[in-house]
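Below: the structure, in structure tokens.
The values are calculated or read from the model by the stated rules, or taken from the named source; none is laboratory data. In this text, all values refer to a predicted model and were calculated from it rather than measured experimentally. Cβ placement follows ideal geometry from the backbone for every residue including glycine, while neighbour counts extend to all protein chains displayed. For accessibility, only protein heavy atoms count, side chains too; no ligands or nucleic acids. Shrake-Rupley method; radii C 1.70, N 1.55, O 1.52, S 1.80 Å.
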Amino acid sequence: MTEAFHYKGGELFCENVPVAKIAARVGTPVYIYSQDHFVRQVQAIKDAFRDVQPLVCYAVKSSSNLGLLRSMALAGAGFDTVSRGEIYRALRAGAEPGTIVFAGIGKQAEEIEYALEQGILMFNVESEPELELISKVAAKRKTEAPIALRINPDVDPQTHKYISTGKSENKFGIDLKRAEECLKRIRELKNLRLRGIHIHIGSQILKNDRHAEAIDRVLPFIEKARKMDFPLEYINVGGGFGIAYDVGQGTPIEDFAKLMVPLIQKTGLKMISEPGRFISGNGGLLLTQVVYVKKSTDKDFLIVDAAMNDLIRPTIYQAFHKIWPARHPGLKDGGALGSDSPLRDGNLGDKAAVYDVVGPICESGDYFALGRKLPRMNEGELVAVFSAGAYGQSMASNYNTRGRAAEVIVHGSEYWVARDRETVEDLIRGERLTPREVFQG
Ligand code: LLP
């Protein structure tokens, strides 16, 4: 199967569209997504876990463009959300409310009320005070709130510490001991309906036994809840399946499934999964143009027109993103990141150069790669920052009063602008030069 992003005749394509064509029409920097990749990844999870009939709730935060969410809804996915805004987005994109789960440690009364009004599938409850608040809001609305308890199983996902969420020191979920107390409280509170158990231990997990370990840890708790006659229906195993950021990296989804499925079957519960990155990560890239090639005595800088405000992952997680020119004459054909990818340093011959690939923002942390070996590049050439479909545009900001990039969705041989590039007028919307109203302090 062809990878969504691949080289043909020395030219980078997204599905059947040369990315240079998109840049010529839409400009740079631009996020380019392959719709087919998103849809295929949902199906890959459904296939790998078919024995437990999963509901795949796409994690909206990973890449939240309405056009992408719409194709997720059409592909039969539900949605994992963490704010009123994300629920709103999912609904605007055509989500069935009964496929939306709502997590997050700081849910506020009005968000809870909104979610109840919409009829979401369930709240993933992360603390005792949250239980109380949901119950209160539900009582006020004279309704019952569907909930799952998010358990913190104290499992090390072996990933970057900023995206580890299932260890006891992390702020997420309820530890097993307290969760037992919660069961008693849920019974007292009446207007809460416990429908499931939720775990999410972290993100970009490459070791295939971490999820299974987490499920294993909650099995006794599920047993206890059953003994107390709670009619549990779902086990939500969270997201976190890791992807390839470098050539040949990644763990096949089947490797996770083979350890998880027997445990899920043991619970007799229906499975929910909340993948974000697995679906979106390699479904998008950030295409940028070289503004200057700057030589200093120590090193060479490739100064590009995208910056940390567009993609902040290298800056805050020291994340590796594969970077390569969109045109590389003589490069053999092949997918960008698969095991037989042509993007290996060894394919550079004597045309290699070493660059710091940096953006124009006034911080030394504004970089995409440091000391990276790449084909020698010139000003005006296009560079692709791969694996930027997850936590790229969704974490973008307007720092340095830079407009956020345009977003383009490719489907086969066609593409469309799913988000306009922000203009300077967009950037000052809501600000005032002078007071509209003055208040007495
Ligand atoms: N479910 C919950 C409750 C989550 O908090 C997350 C992600 C997911 C599902 C989806 O996780 P995924 O399948 O994408 O790993 N900004 C970071 C990642 C933060 C992940 C936050 N939570 C990054 O760029 O690596």
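First compute the accessible area of region 1-140 with a 1.4 Å probe, then give the percent of it belonging to carbon and sulfur atoms. Show your work: numbers first, answer last.
Values: 2550 of 5360 Å².
Ligands and nucleic acids excluded, carbon and sulfur give 48 percent.
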Check: Taking only the alpha carbons of the chain, what extent do you get along each of the three principal axes, in Å, biggest first?
Finding: 70, 64, 41
Margin query: Under 8 Å for C-alpha pairs, at least 6 residues apart: give me the relative contact order for region 10-145, rounded to a whole percent.
Written below: 15
Notebook entry, point to check: Using a basic spin-label model with each label point 7 Å from the Cα along Cα→Cβ, how many nm lie between LEU66 and GLU437?
Noted result: 2.9
Item checked: Relative contact order, percent, region 35-277 [alpha-carbon distance under 8 Å, six or more residues apart] -> 20
Checklist line | Compactness of region 35-277 - radius of gyration and Dmax, Cα, Å | finding: 16.9, 54
Item checked: Gain upon complete extension [ARG40, LEU427; 0.36 nm per residue less C-alpha separation] -> 135.8 nm
Next item on the list: Treating the angle as unsigned and between 0 and 90°, give the value, to the nearest 10°, between the Cα long axis of helix 128-140 and the longest Cα principal axis of the chain.
Entry: 70
Check: Applying 1/(1 + (r/R0)^6) with R0 = 45 Å to the Cβ-Cβ distance of THR297 and THR143, what FRET efficiency is obtained, to the nearest 0.05?
Finding: 0.05
Check: Going by alpha carbons, how many degrees (0 to 90, nearest 10) lie between the helix axis of 109-118 and the longest principal axis of the chain?
Finding: 90
Next item on the list: Treating the angle as unsigned and between 0 and 90°, give the value, to the nearest 10°, between the Cα long axis of helix 35-48 and the longest Cα principal axis of the chain.
Entry: 40
Checklist line | Burial ranking of peptide ranges 127-133, 335-341 (average Cβ count within 10 Å, highest at the top) | finding: 335-341, 127-133
Next item on the list: Return the carbon/sulfur percentage of the accessible area of region 230-299, one whole number, probe 1.4 Å, all protein chains in place.
Entry: 51
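Compute the length gained on full extension between ALA109 and ARG178: take 0.36 nm times their separation in residues and subtract their Cα-Cα distance, giving the result in nm to one decimal.
Working: separation 69, 0.36 × 69 = 24.84 nm, distance 2.27 nm.
Computed gain between ALA109 and ARG178 is 22.6 nm.
Over region 35-277, average the accessible area per residue using a 1.4 Å probe and give it in Å², no decimals. Walk me through the numbers before you get to the answer.
Details: 10010 Å² over 243 residues.
Roughly 41 Å² per residue, with all protein chains present.
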Notebook entry, point to check: What spacing in nm lies between the two simple spin-label points modelled at ARG193 and ASN347, each 7 Å away from Cα in the Cβ direction?
Noted result: 5.4
Margin query: Suppose each label sits 7 Å from its Cα in the direction of the beta carbon; what would the LEU370-ASP156 distance come out to in nanometres?
Written below: 2.6
Check: Over the chain, what is the relative contact order in whole percent, taking alpha-carbon pairs under 8 Å and six or more residues apart?
Finding: 21
